[in-house]
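Everything below concerns the one structure shown next.
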Amino acid sequence: MSSPTSDNPTPDAARSLNFIEQIVEADNQSGRWGLWPAGGAASTVACRTPSKPGDASHSISRAGKPRVRTRFPPEPNGYLHIGHAKSICLNHGLARRYDGVFNLRFDDTNPTKEEQEYVDSIIRDVRWLGGDFDPTTGPYAGGLYFASDYFRQMYDFAVELIKKGKAYVCHLSAEEVSRRRGTPQIPATSPDRDRPVEQSLRFFDEMRRGVHPDGSMTLRAKIDLASPNFNMRDPVMYRIVHEHHHNTGGDWCIYPMYDWAHGLEDSLEEITHSICTLEFENHRPLYDWFINAINEGRTDDGSGPWGRKIHHPQQIEFAKFRPNYTVLSKRNLLKMVQDKVVSGWDDPRMPTISALRRRGCTPEALRKLMEDVGVSKVESMIDLVRLENAVRDHLNKTAPRAMAVLRPLKVVIENWPEGKVDQLDYVINPEDLERSGESAKRKVPFSRVLYIEQDDFMENPPKKFFRLAPGNEVRLRWAYIIRCTGVTKDASGAITEVRCTYDPATRGGDIPLGPDGKPIRKVQGTIHWVSAEHAASAEIRLFDRLFKTEEPGSATGNWMDDLNPSSLEVVRAFIDPHVAQTARYHADRGEGDRFQFERLGYFCVDKDSSPGKLVLNRTVTLKDTWAKEAAKS
RNA sequence: UGGGGAUUGGUGUAACGGUAGCACAGCUGACUCUGGAUCAGUUAGUCUAGGUUCGAAUCCUAGAUCCCCAGCCA
């Protein structure tokens, strides 16, 4: 999803085609959607971003290639979550793979639920994920659109359907419509469906002009009250809502229903493949009906009584991304925000894209995850360890290393002179082959009093415990080999400090070589440490999954019952002073610097940080095979 | 009880009438100054029952299980 030249030119080529790609390739073969004209990808509808690329390096030559146009159509009624990421990756990935274009379009047809804040957050998240929609910055970008910009056009189409006898104004209340809905065997009823066209035209005009109160009447499509598909039982096309709209303000008091609007939006933007989730499969016949109804009496050259035919996209449905140990519906996410179960939409425990970003997840990792899980129609549950693995994978290669101690235990090096400080070489990232020589290193201070992790010392260790214990040797990462000589305890018997001696011949952590060129002894364990007098203090937030069960609510029916009460733990840690001096939060990107605290995991700077106060999030731990080993016994 | 979908190892996904493959997880081992990473090896699968065929995950028939649909939400 990054630029086509910056990484492997055909990153997807090795993988077999998913079923949607197979459809696209078949369409491209048959020429179903025609070819791109020489003029480029500008669409005929209003676009909020420049339609012409602003910089030649951000454009590709599309002329003569098969047309592929996709879109991501969110409703701005909440923040985007990891499920949306799949749709963004899929739609943008298709545009990229087939030299097509990708639109971001807000499906903003319900002013009672939608807000500008959500519009802004969605734009931010889509950009961050790499779904470039702005033609001045991305070669596959088709522009930014709003369904509400088409309200006039949709209204005209609706009037056309009334005139064609395919829609009527219905005076039934919502409750009455519901009551008359019928059952699979019993048809619905509607008293107004044979109302004269002129009457419906007059009422619809009155609806538009604000003559009637909310809920008093609707415009309905005249399809089939007996259809076994309830979506076809004369669905509502317009309802009256006297409400301010974030985009159109007070221009309208009738708003199109999703089912009426969505297919038209795709049509107007000349979307070729309208990709949506499985639950809309039942709606596809309705979308097809709407387009066909508009096209009735229209012709390819516009010579008919109703003008030129409109574009008829193909809808394709795929299974949602459904992770375990979380909820995903915007209603539930909103409830957690409102009930203050979390600190906000971007609380790092949330499954939202903004939360993942705040937690330290990278867009590369998210894209890799979506590539890994694939696209199909099988409703499956994705184990979140896949996300963690994707994050580890990317961060392992890119994150600079540092040391920090989360639960400190004091260590005194008895044979190290008081006041002496050694500046040792520290390898920034052994996995990063780009770094070499001196640029691959920095300094880390060592002194007589250190902190190590409480877990890294045991007074009575079990077998296979390779860390520090009385009489044992251990390597301090990039520093010295030390041997534990004893412990100091307080009155209650708790260990207050560990006493050690160091071996001066092991500076840098290297073991001296014998005459045979091999190390003269072996040390099993290497542990991390910080120098007590040099360490900086930081607040570190450790996260666990938000829910205790894979499918929240599956047992009791109430998903809130399964909230994990200990999903957040805050510790005061000692960290490498270099991190404290250099790590920053970048408000412009909405990201904090990321790094690995060795043996602990990946961490990033949180936005709550301020000059005197560093706050870090643990993105994900490192794999811990010792924990598994310890659990066995 | 109407309509629309789905069903391949623990998980996800290929195979489009011709050797059931890949990834993740698991397990074994190697290597290692992160019990990390890396490398090598390995366990494990076609919902069921019939049928067509030289040959079926794939085609046919019947059944099972799961998901979606009766908002003036999207």
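Go through segment A:392-476 and name the trypsin sites (Lys or Arg not before Pro) that are in a DSSP coil and have 13 or fewer other Cβ atoms within 10 Å of their Cβ.
Details: sites: A:R392, A:K397, A:R401, A:K410, A:K420, A:R435, A:K441, A:R442, A:K443, A:R448, A:K463, A:K464, A:R467, A:R475; in loops: A:K420, A:R435, A:R448, A:K463, A:K464, A:R467.
Answer by residue number: A:K420, A:K463, A:K464.
Let me check something: with ligands and nucleic acids excluded, how do A:I123, A:I88 order by accessible area (1.4 Å probe), largest to smallest? Intermediate results must be reported in sequence, preceding the final value.
Numbers: A:I123 30, A:I88 0 Å².
Largest to smallest exposure gives the sequence A:I123, A:I88.
Indicate the gyration tensor shape class of segment A:189-282 (rounded, prolate or oblate), computed on the Cα atoms with a ≥ b ≥ c the square roots of the eigenvalues: a/c under 1.5 is rounded; otherwise a/b larger than b/c is prolate and the rest oblate.
oblate
For segment A:407-531, state the average projected area of the convex hull of the C-alpha atoms over all orientations, rounded to one decimal in nm². Provide the component values of the computation, followed by the final result.
Working: hull surface 38.3 nm².
Value for segment A:407-531: 9.6 nm².
Residue by residue, what Karplus-based ³J(HN,Hα) values in Hz, rounded to whole numbers, does segment A:348-360 have, using 6.51, -1.76 and 1.60 with θ = phi - 60° and x for Gly and Pro?
For segment A:348-360, the Karplus curve yields x, 8, 6, x, 6, 5, 5, 6, 4, 4, 5, 6, x Hz.
Taking only C-alpha pairs under 8 Å that are 6+ residues apart, what is the relative contact order of chain A in percent?
Answer for chain A is 10 percent.
Report A:L201's accessible area, 1.4 Å probe, all protein chains in place, as a number in Å² to the nearest 10.
Surface open to solvent at A:L201 totals about 50 Å².
Which distance in Å, rounded to a whole number, links the C-alpha centroids of segment A:371-420 and segment A:231-264?
So the two Cα centres are separated by 48 Å.
Among A:V337, A:G304, A:L366, whose Cα sits farthest toward the positive end of the charge dipole of segment A:275-404 (+1 at Cβ of Lys/Arg, -1 at Cβ of Asp/Glu, about the Cα centre)?
Final value for the positive-end residue is A:V337.
Heavy atoms only, 1.4 Å probe, whole protein assembly: order A:W306, A:W626, A:W559 by accessible area, highest first.
Values: A:W306 85, A:W626 60, A:W559 35 Å².
Solvent-accessible surface, decreasing: A:W306, A:W626, A:W559.
Counting only the heavy atoms of the protein chains, how much of A:S376 is accessible to a 1.4 Å probe, in Å² to the nearest 10?
50
Using a/c under 1.5 as the rounded threshold, could you call segment A:148-307 rounded, prolate or oblate? The axes a ≥ b ≥ c are square roots of the C-alpha gyration tensor eigenvalues, and prolate needs a/b larger than b/c, oblate otherwise. Intermediate results must be reported in sequence, preceding the final value.
Details: a/c = 1.28, a/b = 1.08, b/c = 1.20.
Taking the square roots of the gyration eigenvalues as a ≥ b ≥ c, segment A:148-307 is rounded.
Within the set A:K368/A:K441; A:K340/A:K607; A:K164/A:K309; A:K420/A:K613, which residue pairs have Cα atoms separated by over 26 Å? Walk me through the intermediate numbers first.
Values: A:K368/A:K441 30 Å; A:K340/A:K607 19 Å; A:K164/A:K309 15 Å; A:K420/A:K613 28 Å.
Exceeds cut-off: A:K368/A:K441; A:K420/A:K613.
If you average 1/r across every pair of different Cα atoms in segment A:535-632 and take the reciprocal, what Kirkwood value do you get, in Å?
Working: mean 1/r = 0.0649 Å⁻¹.
Computed over Cα pairs of segment A:535-632, the Kirkwood hydrodynamic radius comes out at 15.4 Å.
Mind giving me the FRET efficiency for A:D300 and A:R589? R0 is 45 Å, r the Cβ-Cβ distance, nearest 0.05 is fine. Don't skip to the end; give the middle numbers.
On the way: r = 48 Å, r/R0 = 1.07.
FRET efficiency, A:D300 to A:R589: 0.40.
Leaving out ligands and nucleic acids, and using a 1.4 Å probe, what accessible area per residue does chain A come to in Å²? Please report the intermediate quantities before stating the final value.
Details: 28450 Å² over 633 residues.
Spelled out: the 1.4 Å probe surface of chain A, per residue, equals 45 Å².
Taking H placed 1.01 Å from N in the peptide plane, check which residues at least 5 places from A:L384 or on another chain put their amide H under 5 Å from its amide H.
A:N324
To the nearest 0.05, what FRET efficiency results for A:L433 and A:H244 with a Förster distance of 60 Å applied to their C-beta separation?
Numbers: r = 56 Å, r/R0 = 0.93.
Once rounded, the FRET efficiency stands at 0.60.
Bin width 10 Å, origin at 0, all Cα-Cα pairs of chain A: what percent of pairs per bin?
Histogram of Cα-Cα distances, whole percents per bin: 3, 13, 20, 20, 16, 11, 8, 5, 3, 1, 0.
Using per-residue counts of other Cβ atoms within 10 Å, averaged over each peptide, order A:587-598, A:494-505 from highest down. Write down the numbers at each step before the final one.
Details: A:587-598: 18.2, A:494-505: 15.7.
Order by mean packing, descending: A:587-598, A:494-505.
Using 7 Å Cα-to-Cβ label points, what is the A:R483/A:N231 separation (nm, one decimal)?
So the two model labels end up 7.6 nm from each other.
So, in Å, what gap is there between the alpha-carbon centers of segment A:101-177 and segment A:593-632?
Segment A:101-177 and segment A:593-632 have Cα centres separated by 41 Å.
Compute the distance in nm between two label points, each set 7 Å from the Cα along the Cα-to-Cβ direction, one at A:R322 and one at A:K164.
Computed distance between label sites A:R322 and A:K164 equals 3.7 nm.
How much length would be gained if the chain were fully extended between A:D194 and A:L334, taking 0.36 nm per residue of separation minus their Cα-Cα distance, in nm to one decimal?
On the way: separation 140, 0.36 × 140 = 50.40 nm, distance 4.24 nm.
Gain in length upon complete extension: 46.2 nm.
Ranked highest first by the average count of other Cβ atoms within 10 Å around their residues, in what order do A:124-132, A:514-522, A:273-281 fall? Please report the intermediate quantities before stating the final value.
Details: A:124-132: 21.7, A:514-522: 9.1, A:273-281: 17.2.
Final packing ranking: A:124-132, A:273-281, A:514-522.
Using a Cα-Cα cut-off of under 30 Å, which lysines could be cross-linked to A:K463, ignoring same-chain neighbours fewer than 8 residues away?
Partners within reach: A:K410, A:K489, A:K518, A:K522, A:K623, A:K628, A:K632.
Calculate one ³J(HN,Hα) per residue across segment A:59-72 by plugging θ = phi - 60° into the Karplus curve 6.51 cos²θ - 1.76 cosθ + 1.60, and present them in order as whole Hz with x for glycine and proline.
So the Karplus estimates, Gly and Pro as x, are 10, 10, 7, 10, 3, x, 8, x, 6, 9, 9, 10, 8, 10 Hz.
Quantify, in whole percent, the carbon and sulfur part of the accessible surface of chain A (1.4 Å probe; protein heavy atoms only). Could the numbers behind the result be given before it?
Values: 14060 of 28450 Å².
Exposed carbon and sulfur together represent 49 percent of the surface.
Quick query: amide H of A:H242 versus all other amide H atoms, modeled in the peptide plane; which residues come in under 5 Å with a sequence gap of 5 or more or a different chain?
The list, which skips near neighbours in sequence, is A:D214.
If you restrict to DSSP beta bridges whose two residues both lie in chain A, what percentage is antiparallel, to the nearest 5? Display every interim value, and only then the final one.
Working: 61 of 89 bridges.
Roughly 70 percent of the DSSP beta bridges within chain A come out antiparallel.
Do the sum for chain A: with -39,500 (n - 2.57) for every DSSP H run of n ≥ 4, divided by all residues, what is the mean residue ellipticity at 222 nm, to the nearest 500 deg cm²/dmol?
On the way: 14 runs with 152 residues, N = 633.
The helix-only estimate for chain A comes to -7000 deg cm²/dmol at 222 nm.
Roughly how many Å is it from the Cα centre of segment A:309-367 to that of segment A:15-37, as a whole number?
29
Can you give the FRET efficiency for A:T112 and A:D425, using 1/(1 + (r/R0)^6), R0 = 60 Å, r = Cβ-Cβ distance, to the nearest 0.05? Let's see the in-between values first.
Numbers: r = 62 Å, r/R0 = 1.03.
Computed FRET efficiency for A:T112 and A:D425: 0.45.
Report the extension gain between A:R48 and A:D393 in nm, rounded to one decimal, defined as 0.36 nm multiplied by the number of residues separating them, less their alpha carbon distance.
Values: separation 345, 0.36 × 345 = 124.20 nm, distance 3.70 nm.
That works out to 120.5 nm of additional length.
Once amide H atoms are built 1.01 Å from N in the peptide plane, which residues 5 or more positions from A:S609, or in another chain, come under 5 Å H to H?
Placed amide hydrogens put A:V615 under 5 Å from A:S609.
Counting alpha carbon pairs within less than 8 Å and at least 6 residues apart, what relative contact order, in whole percent, applies to segment A:535-632? Before the final figure, lay out each step's value.
Values: 157 pairs, mean separation 27.1, N = 98.
With pairs under 8 Å counted, the relative contact order is 28 percent.
Not counting ligands, DNA or RNA, and with a 1.4 Å probe, what is A:H171's accessible surface area in Å² rounded to the nearest 10?
Here the accessible area works out near 70 Å².
Would you please state which residues of segment A:538-570 a label at A:S343 would reach in this model, taking the label point 7 Å out along Cα→Cβ and a backbone N cut-off of under 19 Å?
So the set is A:538-547, A:564-570.
From largest accessible area down, sort A:T49, A:T299; use a 1.4 Å probe on the protein chains.
Numbers: A:T49 20, A:T299 40 Å².
Largest accessible area first, the residues go A:T299, A:T49.
Kindly write out, for segment A:597-610 in residue order, the coupling ³J(HN,Hα) from the Karplus curve 6.51 cos²θ - 1.76 cosθ + 1.60 (θ = phi - 60°), rounded to whole Hz, with x marking Gly and Pro.
Whole-Hz 3J(HN,Hα) from phi for segment A:597-610: 8, 4, 6, 10, x, 9, 9, 9, 6, 8, 5, 6, 5, 9.
The values are calculated or read from the model by the stated rules, or taken from the named source; none is laboratory data. This one's a predicted model, so the numbers in the text were calculated from it and none came from an experiment. Methodologically, a virtual Cβ is constructed for each residue, glycine included, from the backbone with ideal geometry; neighbour enumeration extends over all protein chains shown. Surface areas here come from the heavy atoms of the whole protein model, side chains and all, with no ligands, DNA or RNA. Shrake-Rupley method; radii C 1.70, N 1.55, O 1.52, S 1.80 Å.
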